[in-house]
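Participant: Could you have a look at this structure, given as structure tokens, before my questions?
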Amino acid sequence: GALHNLGVDYTDAATALGAIPNVVKGSEAGTAINSIMRKLTQTSGESSKAMEALGISMFDTEGNFVGMEEGLWRVHEALDGMSDADRTAYLEHLGGQYYSILGNLLDQFDPIEDEQGNVTTGWRELHDEIADSGGALDQMRDTKLDTLTGDIDKLTSALEALENKFFE
């Protein structure tokens, strides 16, 4: 999917999944994140025009993906201070049918101040908790991929990447 093709690491992917409200089922959350990232990184179409109007990109000046956290931060900052109506309109252009989930993801970048006065974000807190989980996430991924189903998933992902390159 889009996350694999962009090289998004498991910690960022898990952070995005963890940032989505529990009312969204796991499979739908994964589909939503994949769709959102695909739309945010498109080089043509409605979402691309909205990104251009906001003056932002998910890529650096050399065309390299800036990363999920940095890219979503850029969108958050571009929408910050807009009226609710304008923000919602941009979310609809950028997130498509998953605009409310994109809104929830971006809300994770609102500043949070801890007891010591340090400022962070919900995204960063969740990301650090996942990263500090003692490698449990990596172990779970390795176990899942060390099966016939995992081999099929890797082959499917490689075929999707080839298909995407072919049709670009």
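The values are calculated or read from the model by the stated rules, or taken from the named source; none is laboratory data. Just so it is clear, the structure is predicted and the values come from calculations on it, not from any experiment. Cβ coordinates were reconstructed from backbone atoms using ideal geometry, including for glycine residues, and neighbour counts include every protein chain displayed. For the accessible areas, the whole protein counts, side chains as well, though only heavy atoms, and no ligand, DNA or RNA atoms are used. Shrake-Rupley method; radii C 1.70, N 1.55, O 1.52, S 1.80 Å.
Participant: Being open to solvent by 60 Å² or more (accessible area, probe 1.4 Å) and either over 22 Å from E129 (Cα atoms) or not hydrophobic (A, V, I, L, M, F, W, C) (or both) is the requirement here; does E28 meet it? It would help to see each step written out before you state the result.
Facilitator: On the way: open to solvent by 60 Å² or more (accessible area, probe 1.4 Å): yes; either over 22 Å from E129 (Cα atoms) or not hydrophobic (A, V, I, L, M, F, W, C) (or both): yes.
It is true that E28 is open to solvent by 60 Å² or more (accessible area, probe 1.4 Å) and either over 22 Å from E129 (Cα atoms) or not hydrophobic (A, V, I, L, M, F, W, C) (or both).
Participant: Kindly provide the set of residues from the stretch 87-115 that are among the hydroxyl-bearing types (S, T, Y) and open to solvent by 40 Å² or more (accessible area, probe 1.4 Å), ordered by number. If you could, list the steps in order and put the result at the bottom.
Facilitator: As a first pass, look at the stretch 87-115 and keep what is among the hydroxyl-bearing types (S, T, Y): 88, 90, 98-100.
T88, Y90, Y99, S100, listed by residue number.
Participant: Suppose we keep only residues that are in a loop (DSSP other than H, G, I, E, B) and in contact (Cβ under 8 Å) with a residue 12 or more places away in the chain within the stretch 41-58. Which one would you say is farthest from G71 (Cα to Cα)? Can you show your working first?
Facilitator: Initially, the stretch 41-58 is screened for residues in a loop (DSSP other than H, G, I, E, B), giving 41-45, 55-58.
In the following step, the residues that additionally are in contact (Cβ under 8 Å) with a residue 12 or more places away in the chain were identified as 41, 55-58.
Working: T41: 9, G55: 12, I56: 9, S57: 7, M58: 5 Å.
Selected residue: G55.
Participant: A follow-up question, please. Could you tell me whether any residue of the stretch 79-98 is closer than 23 Å to A29 by Cα, of a type in the set (K, R) and out of contact with any Leu (no Cβ under 6 Å at 6 or more places or on another chain)? Quick ask: steps written out before the conclusion?
Facilitator: First, the residues of the stretch 79-98 that are closer than 23 Å to A29 by Cα: 79, 87-98.
When the remaining residues are screened for being of a type in the set (K, R), the result is 87.
Applying the additional criterion that residues be out of contact with any Leu (no Cβ under 6 Å at 6 or more places or on another chain) yields none.
No, the conditions are met nowhere in the stretch 79-98.
Participant: Could you please tell me which pairs satisfy a Cβ distance under 6 Å, a separation of 6+ or placement on different chains, a first residue in the stretch 105-133 that is over 25 Å from I36 (Cα atoms), and a second residue that is among the aromatic types (F, W, Y)?
Facilitator: From residues that are over 25 Å from I36 (Cα atoms), there are no pairs.
Participant: Hey, among the residues in the stretch 36-86 that are among the aliphatic types (A, V, I, L, M) and touching a strand residue (DSSP E or B) at 6+ places or on another chain (Cβ under 9 Å), which one's surrounded by the most Cβ atoms within 10 Å (Cβ to Cβ)? Walk me through how you get there before you give the answer.
Facilitator: Kept after step one, since they are among the aliphatic types (A, V, I, L, M), are these residues of the stretch 36-86: 36-37, 40, 50-51, 53-54, 56, 58, 66, 68, 72, 75, 78-79, 82, 85.
After this cut, where a residue has to be touching a strand residue (DSSP E or B) at 6+ places or on another chain (Cβ under 9 Å) as well, the list is 58, 66.
On the way: M58: 20, V66: 16.
Checked the stretch 36-86; the qualifying residue surrounded by the most Cβ atoms within 10 Å (Cβ to Cβ) is M58.
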